Amino acid sequence: MTGKRENVLIEALPYIRDFYGSVMVIKVGGHAMVNPSVMSDIIQDVVLLRFVGIHPVIVHGGGPEITEKMERMGKKPEFVGGLRITDDETMEIARMVLVGNINTKIVSLIGKHGGKGVGLSGKDGKMIMAKRKGTQKIMIEDVEHDVDLGWVGETEIINPELINIVTANDYIPVISPIAMDAEGNALNINADTVAGDLADALHAKKLILMTDVPGVLRDQSDTSSRISRISVDDVEPLIEEGVIGGGMIPKMRSAKASVIGGVERVHIIDGSVSHSVLLELFTDKGIGTMVYQDTE
Ligand code: ARG
């Protein structure tokens, strides 16, 4: 190939310069996590970010893995409004899967690619303090019922101190979405929300949310209809129009909140595309959907 390979690097240069020294929160999750080679590519990208002077902070999910483990142990996962009802046993399984398995795997991959990872949960350094969400109302055959969500948490305070210490010393923190309540109990919290809250608290330059879709699609049935850039002002109109629907609604609303809260740009990218992080960050067009403030 006689292609202009140098152009790739030249296109990246202004971004490398602009990103130098900044913090970026990267939420990894979805199907990318169950494919070891995709996962390895993602972590390789993250290690590269560290070596061009960016301070990456990884937040991981684990919903599908928790569900799988529960089913293997003969437990039936139940959800209310997208939240997993978390009894004592479920919380134990969630901790095993998130902290014991996924987190340590990511830390190993960072090491394999030449970086230094540190596994943490939201309990470490009282990083994520939360309270129990308590009961939620659901309708069963037109009758209202109260359902106790158990150990599901709602974030109250974020203490980013420990992360700052870790990143300032060139380590890459890997955070499991588990919070602590005032009594020291572990609480199950949504990983997207944690990523958004941490990005705000760390004054991150970017929040990158990995999904299983190419971004926001104008036409759900056409994966080439991706909307490349969305201003925060257009998020609600696009929800009303139905262009942003389903699981993308909470993601886009939290993206919007983060941008308003001071994160420069939020990027929603398809984690299953090889090296999606590099393609989004170091090219002009990117490969996902970027949420930004119109004053840019
Ligand atoms: N690489 C640039 C950045 O990280 C631009 C990304 C553009 N992405 C997009 N989906 N339009 O800020």
query = Which residue, chosen from Val166, Phe51, Met96, occupies the Cα position most advanced towards the positive end of the dipole of the stretch 19-204, where the dipole is computed from +1 (Lys, Arg) and -1 (Asp, Glu) charges on Cβ about the Cα centre?
reply = Phe51
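In deg cm²/dmol, rounded to 500, what helix-only [θ] at 222 nm does the chain give when every DSSP H run of at least 4 residues adds -39500 (n - 2.57) and the total is split over its residues? Before the final figure, lay out each step's value.
Working: 10 runs with 103 residues, N = 296.
Dividing the helical sum by the residues of the chain leaves -10500 deg cm²/dmol.
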remark   = Ranking Ala204, Val34, Val107 by how far each Cα lies towards the positive end of the charge dipole of the stretch 19-204 (+1 on Lys and Arg Cβ, -1 on Asp and Glu Cβ), the top one is Val107
task = Would you mind telling me which residue in Met39, Met127, Met73 has the biggest mean-square fluctuation in a Gaussian network model of the chain, where springs connect alpha carbons within a distance under 10 angstrom?
result = Met73
task = Please get the size of the charge dipole for the stretch 211-296, origin at its Cα centre, with Cβ charges of +1 on Lys and Arg and -1 on Asp and Glu, quoted in debye to the nearest 20.
result = 200
key: Label-point separation in nm, Thr223 to Asn35, each point 7 Å along Cα→Cβ   = 0.9
key: Residue pairs, from the table Lys131/Lys205; Lys75/Lys105; Lys27/Lys285; Lys126/Lys251; Lys116/Lys285, whose Cα atoms sit over 23 Å apart   = Lys131/Lys205; Lys75/Lys105; Lys126/Lys251; Lys116/Lys285
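Order by neighbour count: Ile140, Ile102, fewest other Cβ atoms within 10 Å first, most last.
Details: Ile140 8, Ile102 23.
Taking fewest neighbouring Cβ atoms as first place, the list is Ile140, Ile102.
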ask   = Which order results if Ile66, Ile287 are arranged by neighbouring Cβ count within 10 Å, fewest first?
value = Ile287, Ile66
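Assuming a viscosity of 0.890 mPa s and a temperature of 25 °C, what translational diffusion coefficient in µm² per second does Stokes-Einstein assign to the stretch 141-296, Rh being the Kirkwood radius over Cα pairs?
Numbers: Rh = 17.3 Å.
After rounding, the answer is 142 µm²/s.
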request  = For the stretch 39-61 and the stretch 166-184, compute the distance between their C-alpha centroids and round to whole Å.
outcome  = 16
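Neighbouring Cβ atoms within 10 Å as the yardstick, rank Val28, Val152 fewest first.
Details: Val28 26, Val152 23.
So the ranking, lowest neighbour count to highest, is Val152, Val28.
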Student exercise, the chain dipole from Lys, Arg, Asp, Glu Cβ charges, in Debye to nearest 20 = 1120
query = Out of residues 5 or more away from Ile208 or on other chains, whose amide H comes under 5 Å of its own, with H placed 1.01 Å from N in the peptide plane?
reply = Val25, Ile26, Lys27, His267
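Mind checking the dipole of the stretch 104-261: about its Cα centre, +1 per Lys or Arg Cβ, -1 per Asp or Glu Cβ, Debye to the nearest 20?
Working: 17 positive and 23 negative charges, 190 e Å.
That gives a dipole near 920 debye.
By the gyration tensor of its Cα atoms, with a ≥ b ≥ c the square roots of the eigenvalues, what is the shape of the stretch 1-85: rounded for a/c under 1.5, prolate for a/b over b/c, or oblate? Write out the running numbers ahead of the final one.
Values: a/c = 3.65, a/b = 2.29, b/c = 1.59.
It comes out prolate by the Cα gyration axes.
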Vicinal HN-Hα couplings computed from phi for the stretch 233-240 (Karplus, 6.51 cos²θ - 1.76 cosθ + 1.60; Hz; Gly/Pro x) = 5, 9, 5, 5, x, 5, 5, 4
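We did not get these values from a lab; they are worked out from the coordinates using the rules stated. Owing to the predicted nature of the structure, the values given are computational and were not obtained by experimental measurement. FYI the Cβ positions are ideal-geometry reconstructions off the backbone, even for glycines, and counts take in every protein chain you see.
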